[in-house]
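Everything on this sheet refers to the single structure shown next.
The values are calculated or read from the model by the stated rules, or taken from the named source; none is laboratory data. Just so it is clear, the structure is predicted and the values come from calculations on it, not from any experiment. Here the Cβ positions follow ideal geometry from the backbone for every residue, glycine too, while neighbour counts run over all protein chains shown. Ligands, DNA and RNA are excluded from the accessible area calculation, which covers all protein heavy atoms including side chains. Shrake-Rupley method; radii C 1.70, N 1.55, O 1.52, S 1.80 Å.
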Amino acid sequence: MSVELITLGTAAGPAIRGPENGISSALVVGDAFYMVDFGMGCSRAAHEAGLRGKDFTAGFVTHLHSDHVVELPGFLLWNWGAPVDGFTAPVSILGPGKDATRPDGAALSGTSDLVSHVLQAFSYDIDIRVHDEARPDPAALLRTVDLDTPAEGSPAAALPFDVYEDDRVKVTGILVEHPPVRPALAFRFDTDAGSVVFSGDTAECDALAVLAAGADVLVHEAVNLDFYAGKGFAPEFLNHQRISHTPPEGAGRVAAAAGVGRLVLSHLAGRAEPEWWRTRAASTFDGPVDVAVSGRRFGIGSPVLSLA
């Protein structure tokens, strides 16, 4: 069964500082595909990559920052129903639940509430299309899951946990460090052809190396701290970038510790030339390093990972 990684969008946000789409990736396994995060532009990018909603099986949200979920409504509404070659059978959306560490966390949305509110917000449009275009009720098709994550600080918090499994893929997750966002997750996809790990947003993190151990590909975020410092951003913003994200050298260290086959840098925060990102990651990781752009395709499989 063929497996392909497509970096649909590689930009951090919420800001538009260059030509890349917002952060989103697809893993195509045989005739099905899985999405990780839903940044700005992912709906058009998926379509241009040849992906159609009828083959969409499950979506995974690493955390609930807006740049990772802002186009989840559009992706679902643009890929639902036979008139748009969209899904007409159940699909799963999995991601973090409510943040119990925030004072008002119980009143704030987790992944399931996010999807529920989307359906309510677009209920007029949905009702018309169900009755006027013979589309199925999307509420009956969307299986939303707030993942039951280990308590932070517990021994289990440093260990991978089961997320999802079907006959094509097994997905595991682990908590990563993206303060003050909790929970923030990384995901590992294991297939017959190989394994791909998505870091989500994280500071340099030992737990991620545990999850990624021996993986064929690690898709890891990276930040250019000098870019923000040179632009005169506030100290609070600079501190957030420092404690919540990973410089490319750190991504290389995680890749080396995990023994992955290839490091793909994505979710690039701040701007720099591709070689800037690559050489810094390569200073700490001696395997192949790619600086992803929107629409890049990576074939996953033995004996050699091919690039398209």
**Options Ala193, Ala209, Ala203, Ala139: the member that is within 27 Å of Leu265 (Cα to Cα) and in a helix (DSSP H, G or I)** = Ala209
**Message:** Suppose we filter Ala134, Ala100 for residues that are farther than 28 Å from Thr62 by Cβ, assigned to a loop (DSSP other than H, G, I, E, B) and not aromatic (Phe, Trp, Tyr); which single one remains?
**Reply:** Ala134
**Asked** Which of the residues that make up region 10-47 are at pLDDT 95 or above and basic (Lys, Arg)?
**Response** Arg44
**Asked** With respect to the numbered conditions (1) at pLDDT below 95; (2) more than 30 Å from Gly50 (Cα to Cα), which one is the sole condition not fulfilled by Arg242?
**Response** (1)
**Message:** Would you confirm, using the coordinates I've provided, whether Ala272 is open to solvent by 20 Å² or more (accessible area, probe 1.4 Å), modelled with pLDDT under 95 and touching a helix residue (DSSP H, G or I) at 6+ places or on another chain (Cβ under 8 Å)?
**Reply:** no
**Request:** Go through region 66-112 residue by residue and tally those that are farther than 19 Å from Ala184 by Cα and of a type in the set (A, V, I, L, M, F, W, C).
**Result:** 10
**Unique residue being at pLDDT 95 or above and open to solvent by less than 10 Å² (accessible area, probe 1.4 Å) when the list is Val145, Val181, Val217** = Val217
**Item:** Cross-chain or 6+ apart pairs with Cβ under 6 Å, region 232-260 first and more than 16 Å from Pro179 (Cα to Cα), then part of a helix (DSSP H, G or I) and open to solvent by less than 60 Å² (accessible area, probe 1.4 Å)
**Value:** Pro248/Trp277; Pro248/Ala281; Ala251/Ala281; Gly252/Ala281; Val254/Leu208; Val254/Ala209; Ala257/Ala209; Ala258/Ala209
**Item:** Residue in region 3-51 that is least open to solvent (accessible area, probe 1.4 Å), counting only those that are out of contact with any strand residue (DSSP E or B) (no Cβ under 7 Å at 6 or more places or on another chain), under 21 Å from Val91 (Cα atoms) and part of a loop (DSSP other than H, G, I, E, B)
**Value:** Gly30
**Request:** Hey, can you tell me all the residues within region 28-45 that are among the hydrophobic types (A, V, I, L, M, F, W, C) and within 15 Å of Gly295 (Cβ to Cβ)?
**Result:** Val28, Phe33, Met35, Met40, Cys42, Ala45
**Prompt:** Given the residues Val91, Val69, which is the only one that is open to solvent by 10 Å² or more (accessible area, probe 1.4 Å) and touching a Phe, Trp or Tyr at 6+ places or on another chain (Cβ under 6 Å)?
**Reply:** Val69
**Fill in**
With the first residue restricted to region 90-115 and required to be closer than 18 Å to Ala139 by Cβ, and the second required to be assigned to a helix (DSSP H, G or I), Cβ contacts under 6 Å at 6 or more apart or on different chains are Pro90/Leu141; Ile93/Val115; Gly95/Thr111
**Complete:** Scanning region 204-214 residue by residue, those touching a helix residue (DSSP H, G or I) at 6+ places or on another chain (Cβ under 6 Å), over 21 Å from Gly299 (Cα atoms) and open to solvent by 10 Å² or more (accessible area, probe 1.4 Å) turn out to be Glu204, Ala207, Ala209
**Request:** Test each condition in (1) surrounded by 14 or more Cβ atoms within 10 Å (Cβ to Cβ); (2) under 23 Å from Gly22 (Cβ atoms); (3) in contact with a helix residue (DSSP H, G or I) (Cβ under 8 Å, 6 or more places away or on another chain) for Phe198 and report the one that comes out false.
**Result:** (3)
